[in-house]
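First the structure, in the form of C-alpha cells, and then the observations on it.
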Amino acid sequence: MPSTVILGTGSYAPDRVLTNDELSHMVDTSDAWIRTRSGIRERRIAAPGESTSDMGVRAAQRALDDAGLTAADIDLLVVATITPDMPMPAAACLIQHKLGLPTTCACFDLNAACSGFVYALDTACAMIGSGRYKKALVIGVEKLSAIIDWQDRTTCVLFGDGAGAAVVGMSPAPNLGLIGTRLGSFGDGAELLCIPRGGSSAPSTPESIAARDHCIRMKGKEVFKLAVRAMDEAARDILEQHGVRADQISLVIPHQANLRIIEAISQYLELPMERFFVNVDRYGNTSAASIPIALDEARRAGRIKPGDLTLLVAFGAGLTYGSALLRW
Ligand code: UT7
C-alpha cells in the first residue's frame, strides 16, 4: 500500500528574544524559578505588526523549498492555531492569499491547542490518503504573546511565538510516513486551561477586559499531572497498536511545554533523554507550533535518518492529546 509521507519541513521564529531576566522586571519572578520549574531560558516574541499568518507564511515557504515544491502544487492547507489573526475568517485563508496558493486549494483552521499539529497532520494525511487531494501544507503557528496576561506570572513566563510547517504527499513505497495516530480529549478538563471570556458564551465587556479575562488562564499543577499521564498513555497506546517497542523509537518529539514533563515521560517510557528532542529552553511553549518547529530543527540537525521511527506526542487545552508514529 502507498504511504502518506512528509516531503519537507520548515520553521520560523521571530527575531525578538525575551529572556527570563527581562521578565523578572515585568512580574515577580526570577530566571532561577523559571528555569528550574519549566526548563525555559528564553522565548521569541512577534514583532509589532507581525501576525500569525505572516509567521505561518515564513514557515510554509521554507517547507515548500525543502520539499522542492511551489505554492501552485498545494491543494490542501490545514492550519493548527488558537491565535488566528482574527476570529473570522480562518488564518488559513489569509495564509493562502499571502503565499499565493491556488484558489482551488481547500483551506481551514483546526483548533486542538498544543495538540493541534498532531491533529492537523492526521487530518491532512487522511485527506491525502483518500486520493481526493494531492499535496497538503500543514502549519502549526501561534502568536501567544497576543493572548497572554502579561501581569500573571503563573502563565506569562511560559509561552512564546513561532511557526512550523510540513508538506504532505503520497509515496509509492509501503510502510513509510504516518504509520498511525492516537488522538483524544478530556473535555471535562476544559476549564483547567482556557480563555474564559471573549467567546460566544461570554462576550468581552469593559469589566472582563479590565480583568484580562480574554487572556490565557491555566491551573498549572493540575494540567502538569494530566499532561504527563495523557502523553505517557498516548505514547504507549500507539506503540502497542503497531507492535513497536519504545527502544525502537530513535527520536521522540514531544510537545515543548515543560522540561520536567518531558523528563517524566522519558522515565515512564524508560527511554533516555538523548532520544527526546528538546528546544523548550529556547522557545518556551509555542502551543501548536511547538512540535513542527522541533520536527524541523531535528531534521535539519540530522537527527532523523531514513528508516528511523519517530514518535510525536502532545497535550494541550481541551484537554486534547495525541500521538503519531512516523517512519522516514
Ligand atoms: O501546553 C499545554 C500544557 N501546559 C502544560 O503542560 C503546563 C503544565 N504546568 C506546568 O508546567 C507547571 O505547573 C508550571 C511551570 C506552570 C508551574 O510549576 P509548579 O511546580 O506546578 O508550580 P506551582 O504552580 O505549584 O507554583 C509553586 C509556587 C507558588 O507559590 P506558593 O503557593 O508555593 O507560595 C506560585 O505562586 O511558585 C509560585 N509561582 C511563581 N514564582 C515565581 C508561580 N509562578 C511563578 C513565577 N515565578 N513565574
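Of all residues in the range 216-229 being out of contact with any helix residue (DSSP H, G or I) (no Cβ under 8 Å at 6 or more places or on another chain) and more than 8 Å from the ligand (Cβ to nearest atom), which is nearest to S115 (Cα to Cα)?
Here is the first cut: in the range 216-229, the ones out of contact with any helix residue (DSSP H, G or I) (no Cβ under 8 Å at 6 or more places or on another chain) are 221, 225, 229.
Imposing the further condition that a residue be more than 8 Å from the ligand (Cβ to nearest atom) reduces the set to 225, 229.
On the way: K225: 16, R229: 15 Å.
The extreme case among them is R229.
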What helices (runs of 4 or more DSSP H), lying completely within the range 251-304, carry at least 2 residues that are in contact with a strand residue (DSSP E or B) (Cβ under 7 Å, 6 or more places away or on another chain) and under 23 Å from K143 (Cβ atoms)?
280-283, 290-300
crowded, with 21+ Cβ neighbours inside 10 Å and of a type in the set (A, V, I, L, M): is that true of A92 in this structure?
yes
For the range 27-59 the number of residues that are touching a helix residue (DSSP H, G or I) at 6+ places or on another chain (Cβ under 8 Å), among the hydroxyl-bearing types (S, T, Y) and either farther than 22 Å from T155 by Cα or within 16 Å of the ligand (Cβ to nearest atom) (or both) is 4
Hey, could you check the range 1-51 for residues that are small (G, A, S) and assigned to a strand (DSSP E or B) and say which is nearest to the chain's Cα centre (by Cα)?
S11
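Could you run through the range 234-261 and say how many residues are farther than 18 Å from G116 by Cα and not basic (K, R)? Step through it out loud before you land on a result.
So in the range 234-261, the residues farther than 18 Å from G116 by Cα come out as 236-237, 239-251, 259-261.
Now restrict to residues that are not basic (K, R): 237, 239-244, 246-251, 259, 261.
Adding up the residues that qualify gives 15.
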Tell me, please, whether a residue that is among the β-branched types (V, I, T), at pLDDT 95 or above and surrounded by 24 or more Cβ atoms within 10 Å (Cβ to Cβ) can be found in the range 226-237.
no
Can we say F159 is within 14 Å of the ligand (Cβ to nearest atom), outside the structural domain of D66 (by TED's automatic domain parsing) and among the aromatic types (F, W, Y)?
no
Name the residues in the range 260-283 that are polar (S, T, N, Q) and within 16 Å of the ligand (Cβ to nearest atom), would you?
S266, N279
Checked T310, T286 against criteria (outside the structural domain of T9 (by TED's automatic domain parsing), among the polar types (S, T, N, Q), at negative phi and within 12 Å of the ligand (Cβ to nearest atom)); the one match is T286
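Just name the residue that is farthest from the ligand (Cβ to nearest atom) out of those in the range 4-26 that are surrounded by fewer than 16 Cβ atoms within 10 Å (Cβ to Cβ) and touching a residue at least 12 places away in the same chain (Cβ under 8 Å).
Here is the first cut: in the range 4-26, the ones surrounded by fewer than 16 Cβ atoms within 10 Å (Cβ to Cβ) are 15-17, 19, 21-22, 25-26.
Now restrict to residues that are touching a residue at least 12 places away in the same chain (Cβ under 8 Å): 15-17, 19, 26.
Details: D15: 24, R16: 20, V17: 18, T19: 14, M26: 10 Å.
Ranking the candidates gives D15 first.
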For residues in the range 174-188 being farther than 21 Å from G318 by Cα and at pLDDT 95 or above, which is farthest from the ligand (Cβ to nearest atom)?
L176
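The values are calculated or read from the model by the stated rules, or taken from the named source; none is laboratory data. Computed from a predicted model, the values in this text were never measured in an experiment. Cβ coordinates were reconstructed from backbone atoms using ideal geometry, including for glycine residues, and neighbour counts include every protein chain displayed.
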